[in-house]
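Throughout, read-outs are computed from the coordinates displayed, never taken from laboratory work. In this text, all values refer to a predicted model and were calculated from it rather than measured experimentally. Glycine gets a Cβ as well: all are built from the backbone with ideal geometry, and neighbour counts include every protein chain shown.
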Amino acid sequence: MSSGKGGELIPSSSELDLDRPNIEDYLPSGSSIHEPLGKLRLCDLLDISPTLTEAAGAIVDDSFTRCFKSNPPEPWNWNVYLFPLWCCGVVIRYLILFPVRVIVLTVGWIIFLSCFIPVHLLLKGHDKLQKNMERALVELICSFFVASWTGVINYHGPRPSMRPKQVFVANHTSMIDFIILEQMSSFAVIMQKHPGWVGLLQSTILESVGCIWFNRTEAKDRETVTKKLREHSQGVDNNPLLIFPEGTCVNNQYSVMFKKGAFELGCTICPIAIKYNKIFVDAFWNSRKQSFTMHLLQLMTSWAVVCDVWYLEPQNLRPDETPIEFAERVRDIISVRAGLKKVPWDGYLKYSRPSPKHRERKQQSFAESVLRRLEEN
Amino acid sequence: MGNTSSMLTQYDIEEVQQHCNNAFSQQEIVSLYERFCQLDRNGGGFVSGEEFLSVPEFAVNPLSQRLLRMLDGLNFKEFVAFLSAFSPRATVQQKIEFIFKVYDSDGNGKVIFNDMLDVLHDLTGQFISEQQREQVLTKVLEEAGYNKESLLVMSDFVKILGSSGLKMEVEVPVD
């Protein structure tokens, strides 16, 4: 079966199913199950209204689609006084701010490349020095990126100390999440391999901070990635891992289920919550609607990117907890801090259909109630 | 009504409201339009089966394929008319008519034994054997005064379902 970004289908492998806690606990069920009272009559079999109601409810509104809805700031240019002001704003943003930002970014890249390339090539023998310099340079270019959107970032909480066996997790809104966190302290991130110029950056510069790539569309990929994650987290000199357990970008108002991979590494989990201020710009990267380049351009022509970053208290797996429960507990901590509503969906449902298991569960419970009532004769 | 414009005029709203027999308020129609545009990702003016199935809550529903046959290719006006059976303002008669249409897949106004068997199959999947399904259905049909060869029409459905307090309502979120 083919796979791709155009919403084409991949059969969801049974491995993915193991990640998910019981969705039936969250979905409006019980209405599909007829009350097990009394004899089975024709009207009980013909009355499909509960199932139809669920279907219509999903058509009218559903919690999954809500997670990926862009929320652009409210337009305020709607009357005679404000409209000229808004026009001035557009002129300033596009004709003054944008060129300045492009210049800033270009200068940043020139500085970065002219330092990075020599360091990368000449310091090949001196591993520790090379690593430290490359880390510092990546932090530098990230700061330039942030400056190019006039990023105003408020960091709260104690700055992470670099210790071994520590993994950082954060909610995911856009690829700029990584840039915002990287400018403060050097992380190794695990990312989907992208095509184009982003992919080029990934394979050259980000390699130096120790990034790991995965490919959503490859079924066997999960095992290799888990292995790489484990190796990296055990390594003493590696940058701490930054993982986005949602697995996809969500619109910063909801959080989807966390994948348990990060929570089974036997490391301390340090949650980070990121919340963007919607008034200035909608930082959600809707990958179904725009390319990353367009997204960056949109940020560079906005007034500012304002966000809050909270470094939260490190958590460990409790003795009576499964990794999935641990993941949910951490998701709860992050969602509460960042004001996100939790939904019980796997982010990968953006790219594939839900497993037939869920439908079968409904069918099974209905079938059982029919048979049970038939017995009651 | 333009299919690419995302602005509904007052005239459009009234036309849709009339078409669905005032099942929804004007605010609800505006909300439904936003939802329709959200589902219709390629902007073709109708929501394709694929686009409906991209809503996981809909895809896991046992009757989704049946409903897709009824939903495929509907424009916004027809979409609202489709959903009108789920409005709190719809009468029990309208709700039963909708259920009848789900059963009557060939649209000839008659529901036969096999139609009911098919729906029961959708609802129970592999968890009841075909033989058992036939047995159960035959039994309850006979108890209700019908048999395997009966052709059920709308009035039969009203008789069977009309007294059981049908609850089939969906709330349209209005911002």
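Tabulated data
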| quantity | calculated |
| --- | --- |
| Order of B:ILE99, A:ILE92, A:ILE333 under a 10 Å beta carbon neighbour criterion, fewest first | A:ILE92, A:ILE333, B:ILE99 |
| Unit charges on C-beta of K, R, D, E only; dipole of segment B:10-116, Debye | 300 debye |
| Residue (of A:LEU45, A:ILE117, A:VAL146) at the positive-pole extreme of the protein assembly as shown, dipole from beta-carbon charges | A:ILE117 |
| Burial ordering of B:ARG41, B:ARG66, fewest other beta-carbon atoms within 10 Å first | B:ARG41, B:ARG66 |
| Neighbourhood net charge (14 Å Cβ-Cβ; Lys/Arg +1, Asp/Glu -1) for A:ILE272 | -1 |
| Rounded Å value of the spacing that divides the Cα centres of segment A:256-315 and segment A:95-127 | 24 Å |
| Value of D in µm² per second that Stokes-Einstein yields for segment A:153-350, Kirkwood Rh from Cα pairs, at 10 °C (1.306 mPa s) | 93 µm²/s |
| Of A:LYS260/B:LYS77; A:LYS131/A:LYS193; A:LYS275/A:LYS350; A:LYS259/B:LYS167, those spanning more than 32 Å from alpha-carbon to alpha-carbon | A:LYS260/B:LYS77; A:LYS259/B:LYS167 |
| Chain B: equivalent-ellipsoid semi-axes (sqrt of 5 x gyration tensor eigenvalues, Cα, Å) | 34, 19, 13 |
| Percent of beta bridges antiparallel (DSSP, the protein assembly as shown, rounded to nearest 5) | 25 percent |
| Selection from B:VAL92, B:PHE127, B:VAL111, by position along the positive dipole direction of segment B:91-163 (Cβ) | B:VAL92 |
| Förster radius 56 Å - calculated FRET efficiency between A:PHE83 and A:GLU376 (Cβ-Cβ, nearest 0.05) | 0.20 |
| Cα-based radius of gyration of the protein assembly as shown once divided by 2.2 N^0.38 Å, which approximates compact folds | 1.15 |
| Net charge of neighbours whose Cβ lies under 15 Å from the Cβ of A:MET300, counting Lys and Arg as +1 and Asp and Glu as -1 | +1 |
| Translational diffusion of segment A:317-377, µm² s⁻¹ [Kirkwood Rh, Cα pairs; Stokes-Einstein; 10 °C; 1.306 mPa s] | 104 µm²/s |
| P(r) tail fraction, segment B:11-90 - alpha-carbon pairs more than 21 Å apart, % | 27 percent |
| At 1.567 mPa s and 4 °C, Stokes diffusion of segment A:171-266 via Kirkwood alpha-carbon radius, µm² per second | 92 µm²/s |
| Net charge dipole size for chain A [Lys, Arg +1 and Asp, Glu -1 on Cβ; Debye, nearest 20] | 740 debye |
| Relative compactness, segment B:103-175, computed as alpha-carbon Rg over 2.2 N^0.38 Å | 1.32 |
| Within segment B:91-163: Cβ-based charge dipole about Cα centre, in debye rounded to nearest 20 (Lys, Arg +1; Asp, Glu -1) | 220 debye |
| Value of [θ]222 nm, deg cm²/dmol, for chain A, DSSP H segments ≥ 4, -39500 (n - 2.57) each, nearest 500 | -13000 deg cm²/dmol |
| Fewest-first ranking of A:LYS228, A:LYS260, using other Cβ atoms within 10 Å as the exposure measure | A:LYS228, A:LYS260 |
| Cα gyration tensor shape of segment A:46-114, rounded if a/c is under 1.5, else prolate or oblate by comparing a/b with b/c | oblate |
